Ligand code: AHM
Ligand code: MG
């Protein structure tokens, strides 16, 4: 079938979101515009990440540019790109970025009804060695953008209207949920467009992989220790699980979504709340997991029910295949 070699009917991310929006009569296209600005940010960061290794090789890094400024670090650059793209969309009122200590309130003339929480470049330890890194984002909608306050972003994750991530890996993949399933889009560099390549992603009910930083095992609590022990030495006759841990949440969660299994970043004696941030790491990934048929748990409750009190708050998280998360929930329940 020579004709099958090249697909000619391309579902771009914009076309996809426009289709979705047209099902809602009240929609005025604001979300489509917001998303197109997020997509622009992802394309920019993708290109910067791809050039980073080369820039180093030919000695660009650390050198000064024409304005006499030092080359910006990738994470700082990525943050600037997203803040500017989101602001200029005219559809946002509050931005919370992992890179900025305070939330950004958009000036009145550029305001819109969405709040965006994001980690512009997650996986900092993997930047300099070329391992996959990513951008994570979550979107809330406010009732009245003129009077929006921090309370509008300190909401449980279940109130998000959309969430997603973009992984800068062997290809650039954008995974998105607007609350009715999960779809994956891959950047076609020759077109500069994200094309729907993973429609309606569903996570397998049970997986063969666990993903955790086992170097912290010394300080783990009982349930996490027991769970990982069971992964390695199952007592029910099943085969042991494989361990995969990249140390980039986006890459570890992406693999978990596609192959199934569980990703854990537990609390421990040294860091009772773990490491990952509620608003722009735990919530978006938990939202995607639930939308794909999986679960996300904090050790105490459904992750998306958490009510954050600070914008950079952390929480333990266990997320992935439905049955695998059931097992860890049972261990925490038994402890009580
Ligand atoms: P970062 O914001 O400094 O990049 O840290 C977040 C990253 C996540 O991507 C990843 O899941 C986790 O830190 C790995 O942490 P650790 O090195 O403790 O295993
Ligand atoms: Mg981060």
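Every number in this text was worked out from the coordinates using simple rules, so none of it is lab data. Nothing here was measured: the structure is a model prediction, and the numbers come from that model. Neighbour counts run over all protein chains shown; Cβ positions are idealised from the backbone, glycine included.
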Q) Which residue, 48, 292, 251, tops the fluctuation ranking in a GNM of the chain built on C-alpha contacts under 10 Å? A) 48
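Quick one: length gained pulling residue 196 to residue 8 fully straight, 0.36 nm per residue minus the C-alpha distance? Intermediate results must be reported in sequence, preceding the final value.
Details: separation 188, 0.36 × 188 = 67.68 nm, distance 1.27 nm.
Separation in residues times 0.36 nm, less the Cα-Cα distance, equals 66.4 nm.
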**Q.** Shape category assigned to segment 121-260 from the gyration tensor of Cα positions, a/c cut at 1.5
**A.** prolate
**Q.** Of 30, 236, 122, the one that fluctuates the most in a GNM where the chain has Cα springs shorter than 10 Å
**A.** 236
Q. Which distance in nm do the two modelled labels at residue 72 and residue 188 give, with both placed 7 Å along the Cα-to-Cβ direction?
A. 3.0
(Q) Suppose each label sits 7 Å from its Cα in the direction of the beta carbon; what would the residue 301-residue 326 distance come out to in nanometres? (A) 2.4
Q. Taking a spot 7 Å from the Cα of residue 100 along the direction of its beta carbon, which residues of segment 271-286 have an amide N less than 17 Å from it?
A. 279-281
(Q) Which of 332, 210 has the fewest other C-beta atoms within 10 Å, and how do the rest follow up to the most? (A) 332, 210
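Taking only DSSP H segments of four or more residues, each worth -39500 (n - 2.57), what value at 222 nm results for the chain once the sum is divided by all its residues, to the nearest 500 deg cm²/dmol?
Numbers: 7 runs with 98 residues, N = 336.
One gets -9500 deg cm²/dmol as the mean residue ellipticity at 222 nm.
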Q. Which order do 161, 278 fall in if you start with the one that has the fewest other Cβ atoms within 10 Å?
A. 161, 278
Q.
Suppose the chain between residue 225 and residue 15 were pulled fully straight at 0.36 nm per residue; how much longer would it get relative to their current alpha carbon spacing?
A. 71.0 nm
Q. Taking only the alpha-carbon atoms of segment 197-334, what semi-axes of the equivalent ellipsoid follow from 5 times the gyration tensor eigenvalues under a square root, in whole Å, largest first?
A. 20, 19, 13
**Q.** Linear extension gain, residue 243 paired with residue 51, 0.36 nm per residue minus alpha-carbon span
**A.** 66.0 nm
Q: Quick one: check the C-alpha center-to-center distance for segment 200-255 versus segment 97-121, whole angstrom.
A: 34
Q | Label-point separation in nm, residue 217 to residue 269, each point 7 Å along Cα→Cβ | A | 1.6
Q | For segment 19-39 versus segment 256-308, the gap between their alpha-carbon centres in whole angstrom | A | 27
Q. Which one of 112, 267, 215 has the biggest mean-square fluctuation once the chain is modelled by GNM with Cα springs under 10 Å?
A. 215
